[in-house]
Amino acid sequence: MVPNISSLSRRQLLVGLAGSAELGVLVVGATGATLPTALPDRITDWATTTYPTPPPASSLWQPTVTEAHARTAVALLAETEDESRDRWAELDRERAHGPGSGGWRSNAEEALENGDYAGALFDASYGMQFAGQALGEARAELGDADLDDLADRAVALFDRIDAVVADIESYPVADPERDLAWYVHIERELRRGHRLADWDALETVHDDAAKAGAKTDTGSDGADESAEEASQSDTTEREDGTTDSEAEPDRTDTDPETIGTITSGLLRGEIAVKSAERYRDLLWETVDGADGYADHLQRIADELQTDLESIPTRDEVLSSMDDDTGSYGPYEFAHYRLARWGDWDGPSPWETVDDDFLLLQVLEATRALADWRAYDDAVDELEIDADDGGFDSGHVLDEQRRARSTYRTVVGGTQTPVMVVLAKPAIGDIRTADVDRDSWQDGSWEPWNERVQSDLSALVGRARLREYPALYDRLVDGR
């Protein structure tokens, strides 16, 4: 039986809510925290989709993108798309996915003209994956793909990355709550640029090109001798009857899709590294003469590594769950989802290829520790019993209210750049804590699956937010 709602009849409430733009807020206000399940699921499901959520982290703070910065990226996209269209016209046939950027060029140009420089930069970078892919494929189809040139471009990007890493090595900081956030974005762009510019055969291609250049430098006699040795090597017969030249594939015989992927990655890597360089230049205007922060960051990294070593692995957590009953309902679903939610058991930051990015290591480890503590708290606060066969979305609405309150206290109260950067995962959790009634229409997902999932989003987001302040203080208190 649905409980009576004091001072407001149930019929009056439903009629009033049906025409309200602030449905979620009114439902919570009417039922109060003590009666989260006072209304039918169809009402509270709907209310979760209208309840106010935090804005995206990028709208709270992001590094300044100048007009010149954005215009350079948009121009590169336009140049790439134009060349791609010209080359596909030479081929005189249609490309299945089109020769352009999938409309992202026009989006970027529109954002640029509207003064949304950060948006223009994002659109240009996103569109480059399509235009760059199309251009690379066309070059390969026309026989104009040059792996040596692609390798040289990648190595040149790596050199630029190394130069920026060397520049910021001491992490000069005038205002930790601001400047550390800039360094995070610089390192993210550098890491992104490195990953985009790298490809499987890069080292082999680059080394072969260097050897060829060295042989050329030895003069004609050396070249003749090298050619003779190469000829002998090329015809060495193997036990299976093949020769070296037959057994080893021609490294220049690369399929268009691969060339497209490499080309796209290099062009996007170019935008990423250019962004890192621009952010560094802007930051330098505010930290000139400031003391370095590197020693403090290294101390935190060491402390975090010690903290994380005592945390059980995800497999250990999962194996500890009692599954003797063989049942799988809301209770089991919630606990397994929680155990897989955070990143506390992800790759150790100290074991990745990103050893040069000290602040990213600290940030990832800080979040990992927060995720573990949040998981522990979320398990204790979960409002699901082992024998429950369903889940009322009133709990979701109530959890949204609590998460919103915690967000206002933790992020809204300070809203420093570093806190925004740190809290991004939690903000994302809270923003996705709504019930989609279409999600179970195909029968593969029960209503309680969707409601529990949404409840966990708000619960984990709130639990994460509670952990950030103490970790934040440790990060910025380096004086």
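For the reader, a short list of remarks on this structure follows.
- Global size of region 294-476 as Cα Rg and Dmax, reported in angstrom: 17.6, 55
- Inter-part distance where region 422-470 and region 114-191 are each reduced to a Cα centre, Å: 32 Å
- Taking the average, over residues, of other Cβ atoms within 10 Å as the packing measure, peptides 329-340, 107-118, 301-312 rank 329-340, 107-118, 301-312 from highest down.
- Peptides 153-163, 189-199, 93-103 ranked from most to least packed by the mean count of surrounding Cβ atoms within 10 Å: 189-199, 153-163, 93-103.
- The protection proxy used here, the mean number of other Cβ atoms lying within 10 Å of each residue, ranks peptides 432-444, 398-410 as follows, highest first: 398-410, 432-444.
- Under 13 Å, Cβ to Cβ, from A374 - net charge with Lys/Arg +1 and Asp/Glu -1: -3
No lab work stands behind these numbers, since they all come straight from the coordinates. What you are looking at is a predicted structure, and each value in this text was computed from that prediction instead of being measured. Note that each Cβ is placed from the backbone with ideal geometry, even for glycine, and that neighbours are counted across all protein chains shown.
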